[in-house]
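Engineer: Once you've had a glance at the structure underneath, I'll fire off some questions.
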Amino acid sequence: MDVLTDLVAWFADPGQWSGPGGIPARTAEHLRYSLLGLLISAALAVPIGLVTGHTGIGGFATASLANFARALPTIGVLFLIVLLAGIGLVPVVIALVALAVPPILVNTHEGVRQVEPALKDAALGMGMRGHEVLMRLELPVAVPLVINGMRTAAVQVVATATIAAYVGVGGLGRYIVDGQARQDLTMMLGGSLLVVFLAVLTTLLFAGLSRLLVAPGLRSLAAAGR
């Protein structure tokens, strides 16, 4: 009960809600790193997944590369890039991109590949060109799995963006790292709870996005891709 009391007191302290080290400022930093990493990952992975899924070329290489990237320890990637590029935001974003690309890439590729060949043949028979088949048939069908991949990547990125604190940047990871340095369990728990809260909000956000963008008949595809 003492831990819970201390945790409530920590959140109730007005000093935690103001200044550059306060919860709002740290949360904004955390969201900025996470969003930047996710947007770059989507910009890289979605086009590649669409092309490989549409053409059928490079599917094995895509899956192999994604599995290799998943096996990389994010904190190890971070420190390796720090050694090469120095301390700053760049190593953090690169590490987050390496984490987020695989689920987006694989889900996008598989989402396009799941379209029935007969439907593609029918679209071609109606006079559609290759890129029209991709954009007007395959992409809409792939959207549920693409969103599911984005959701998985976003949750992983939000949870892992705490590594920014290890290279002197910021975000909610500062509470965990500084709490470890000071042996302050309350600060560490407070920072961890904030990260969990953001991860839950991210999940709910993508659930709402899926309901908004995906036709009811296609939502089962997203569930199947989990």
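Engineer: Given the residues 94, 57, 75, 48, which is the only one that is open to solvent by 20 Å² or more (accessible area, probe 1.4 Å) and within 13 Å of the chain's Cα centre (by Cα)?
Structural biologist: None of the others qualify; the one that does is 94.
Engineer: If you don't mind, another one. Return only the number of the condition from (1) in contact with a helix residue (DSSP H, G or I) (Cβ under 9 Å, 6 or more places away or on another chain); (2) surrounded by 12 or more Cβ atoms within 10 Å (Cβ to Cβ); (3) without any contact (Cβ under 8 Å) to a residue 40 or more places away in the chain that residue 26 does not satisfy.
Structural biologist: Only one criterion in (1) in contact with a helix residue (DSSP H, G or I) (Cβ under 9 Å, 6 or more places away or on another chain); (2) surrounded by 12 or more Cβ atoms within 10 Å (Cβ to Cβ); (3) without any contact (Cβ under 8 Å) to a residue 40 or more places away in the chain is unmet by residue 26, namely (3).
Engineer: Taking the condition of being farther than 19 Å from residue 33 by Cβ, in contact with a helix residue (DSSP H, G or I) (Cβ under 6 Å, 6 or more places away or on another chain) and of a type in the set (A, V, I, L, M), how many residues in the stretch 146-202 meet it?
Structural biologist: 5
Engineer: With the structure loaded, tell me whether residue 5 is exposed (fewer than 15 other Cβ atoms within 10 Å of the Cβ) and either out of contact with any Pro (no Cβ under 6 Å at 6 or more places or on another chain) or closer than 26 Å to residue 166 by Cα (or both) or whether it fails that test.
Structural biologist: When the stated conditions are applied, residue 5 passes them.
Engineer: Give the residue, chosen from 135, 187, 126, that is of a type in the set (A, V, I, L, M, F, W, C) and crowded, with 19+ Cβ neighbours inside 10 Å.
Structural biologist: The conditions single out 187.
The values are calculated or read from the model by the stated rules, or taken from the named source; none is laboratory data. Because the structure is a prediction, the values reported are computed rather than measured. Cβ coordinates were reconstructed from backbone atoms using ideal geometry, including for glycine residues, and neighbour counts include every protein chain displayed. Protein only, heavy atoms only, side chains kept; ligands, DNA and RNA dropped before computing areas. Shrake-Rupley method; radii C 1.70, N 1.55, O 1.52, S 1.80 Å.
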